[in-house]
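One structure is given here, and the rest of the page talks about it.
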Amino acid sequence: MQLRPNQIEPVKIGVAYFSEKKPVPSIIVAPTAFGKSIVIACIAKEVGERLLVIQPSKELLEQNYNKFIGLGGEASIYSAAMGEKEIGNVTYATIGSIVKVAGKFKEMGITKVIIDECDRFPREPNGMLRRFLKGAGIVHTLGLTATPLKLQTNLGADFKPFSKLVMLTNRSKKGNFFKNIIYVAQIQEMVELGFWSRLEYQSYDFNTGDLVYNTTGADYSDISIKRAYKSQNIGDKIVKKVEQLYGRKSILIAVPSIDEAKELTTRIPSCRAVYSDMPSAERNEIINDFKAGRLRCITQVNILSVGFDYPELDCIITGRPTASLSWWYQFVGRVTRIHPNKSEGLVVDFVGAVPKFGKVEDIYFKEEGTNWVMYGEGNKQLTGIPLTEIGLHIEGESTPQEKAAEGGKVLMPFGKFAGKDIKEIPISYREWMLVNFSWTPFNQKVKDEILRLKSIGI
């Protein structure tokens with residue numbers, strides 16, 4: 001198989017990475033529809049040594065293994081879900097199947113790993129991935145992903161916690177497993193080269209007043225999402241819109257819950273619901289009917305929002321309010337693939353996603369100093385700021401947190417001096433705090449300010 005022009009460089013860089021003498025875990029960023037499975041397969045073939053490819057799911061393993069075989073390669077599968085457990089020169093595996101047999105891979109001398117969709121693996125040292133890599137003695141770890149992002153909790157200027165998206169390689173107090181981004185394929189390049197479907201957007205008014213953030217600040221609460229869906233009659237709007245979309249061959253619909261997904265199937269002709277706890281055989285049958293054109297619509301709850309590969313899909317409808325940029329990007333990605341049978345992909349937004357996040361084809365990554373930042377339509381900053389501010393902050397501006405710090409005030413968050421500038425708190429009390437307080441990432445700013453004042457004699 002001949003590589004696309006924009007695939008040649010990441011393959012070259014990926015192969016070179018596995019020759020590095022002092023490697024650190026690194027990432028290649030490639031947008032949805034880039035052909036990551038082809039890039040992975042070509043890297044694996046050219047490396048020419050024993051190499052392990054870790055997949056996040058059975059479905060992706062099967063899909064990407066077949067791509068590798070289609071390129072004329074020979075590979076093995078190590079996955080309990082697929083009923084095969086064989087280690088070969090190139091081995092495709094799911095992490096759950098190999099985590100307890102790290103020693104086997106170490107004995108075979110496998111020191112090189114490619115991790116597909118690496119953003120989906122927890123970075124904690126005690127997680128399955130990290131335990132396997134340590135136990136197997138892995139030296140080279142290369143991740144590929146379209147969304148190199150993680151959620152991080154911080155303390156704001158008002159000492160209230162907030163969530164923000166940061167790049168997987170950006171420094172944090174918890175530390176990062178991946179250290180470098182060695183290649184970024186920009187979405188705009190995909191568009192310009194004609195490897196992304198042209199997108200059309202239809203976005204409708206949506207009142208965010210019903211929505212509240214959950215306790216993590218990572219997304220809206222399930223209760224408020226369902227409340228907004230019902231109070232604003234999103235289900236009725238979806239039904240009416242589907243009736244209007246006469247020319248659309250296939251429509252994928254996202255809704256908040258299984259109940260809503262099932263309910264819509266009673267009102268929309270040629271429509272079935274797909275959800276996580278349904279039998280896999282039934283789910284596969286529905287998906288196959290959808291791809292074969294025997295079924296026009298699928299309603300779903302997250303299960304097909306990531307990794308669903310169907311190039312002919314020409315319309316998505318989102319009826320699920322979300323504060324998650326990653327979810328929005330991945331869901332729109334389902335309709336970005338090119339195919340001779342479609343002229344464009346239609347994105348119908350009933351939940352205010354387009355005004356909040358912008359058009360996904362305008363997303364770009366930019367290296368700023370030692371960090372990477374993700375920007376969107378109108379140069380709006382999407383990472384490194386509170387989720388509540390996504391869509392509001394423009395490249396080059398100071399964030400509210402930065403502005404507060406620039407003002408020179410750090411306020412006491414609790415106790416009898418709550419709300420007071422640290423400078424106004426008696427020195428004796430500050431000294432007592434240094435010795436007796438339990439310092440965490442959430443109150444580290446306070447400790448840093450106390451130490452700063454102490455160093456200058458204030």
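A few notes on this one:
- Of note, residue 28 does not satisfy the criterion of being surrounded by fewer than 20 Cβ atoms within 10 Å (Cβ to Cβ), under 28 Å from residue 367 (Cβ atoms) and either touching a residue at least 40 places away in the same chain (Cβ under 8 Å) or within 22 Å of the chain's Cα centre (by Cα) (or both).
- Restricted to region 373-458, the set of helices (runs of 4 or more DSSP H) holding at least 2 residues that are at pLDDT below 80 and farther than 21 Å from residue 219 by Cβ comprises 400-406, 444-455.
- Here residue 281 passes the criteria (1) among the hydrophobic types (A, V, I, L, M, F, W, C); (2) at pLDDT below 95; (3) in contact with a Ser or Thr (Cβ under 8 Å, 6 or more places away or on another chain) except the one numbered (3).
- Being out of contact with any Ser or Thr (no Cβ under 8 Å at 6 or more places or on another chain), on the phi < 0 side of the Ramachandran plot and not basic (Lys, Arg) holds for only one residue in 15, 53, and it is 15.
- Looking across region 100-154 at every residue that is among the basic types (Lys, Arg) and surrounded by 20 or more Cβ atoms within 10 Å (Cβ to Cβ), the one that is farthest from the chain's Cα centre (by Cα) is identified as 112.
- All told, residue 200 meets the bar of being surrounded by fewer than 17 Cβ atoms within 10 Å (Cβ to Cβ), over 24 Å from residue 273 (Cβ atoms) and charged (D, E, K, R).
- When residue 20 is tested against (1) surrounded by fewer than 16 Cβ atoms within 10 Å (Cβ to Cβ); (2) closer than 30 Å to residue 197 by Cα, exactly one condition is not met: (2).
- In region 276-293 there is no residue matching the filter, namely being of a type in the set (A, V, I, L, M) and either touching a Pro at 6+ places or on another chain (Cβ under 9 Å) or in contact (Cβ under 8 Å) with a residue 24 or more places away in the chain (or both).
- If you filter region 293-320 down to residues that are among the small types (Gly, Ala, Ser) and at pLDDT below 95, you find that the one that is farthest from residue 62 (Cα to Cα) is 293.
- Any hit, region 149-158, residues being out of contact with any His (no Cβ under 8 Å at 6 or more places or on another chain), modelled with pLDDT under 90 and farther than 30 Å from residue 439 by Cα: no
- In region 188-246, the residues that are in contact with a strand residue (DSSP E or B) (Cβ under 8 Å, 6 or more places away or on another chain) and without any contact (Cβ under 8 Å) to a residue 24 or more places away in the chain: 212, 214, 221
- Close pairs from region 1-21: first within 15 Å of residue 71 (Cβ to Cβ), partner assigned to a loop (DSSP other than H, G, I, E, B) and among the aliphatic types (A, V, I, L, M), Cβ under 6 Å, at least 6 apart: 1/71
- The set of residues in region 265-302 being surrounded by 11 or more Cβ atoms within 10 Å (Cβ to Cβ) and among the hydrophobic types (A, V, I, L, M, F, W, C) consists of 268, 271, 273, 274, 278, 286, 287, 290, 295, 297, 298, 301.
- Unmet criterion (only one of (1) touching a Phe, Trp or Tyr at 6+ places or on another chain (Cβ under 8 Å); (2) surrounded by 21 or more Cβ atoms within 10 Å (Cβ to Cβ)) for residue 42: (1)
- Scanning region 355-366 for residues that are under 15 Å from residue 392 (Cβ atoms) and in a helix (DSSP H, G or I) returns 355, 356, 357.
- Long-range neighbours under 8 Å by Cβ, at least six apart or interchain, first residue farther than 17 Å from residue 111 by Cα within region 73-101, second part of a helix (DSSP H, G or I) and polar (S, T, N, Q): 79/97; 80/97; 81/97; 85/97
The values are calculated or read from the model by the stated rules, or taken from the named source; none is laboratory data. What you see is a predicted model, and the numbers here were worked out from it, not measured in a lab. Cβ: placed from backbone, ideal geometry, glycine included. Neighbour counts: every protein chain shown.
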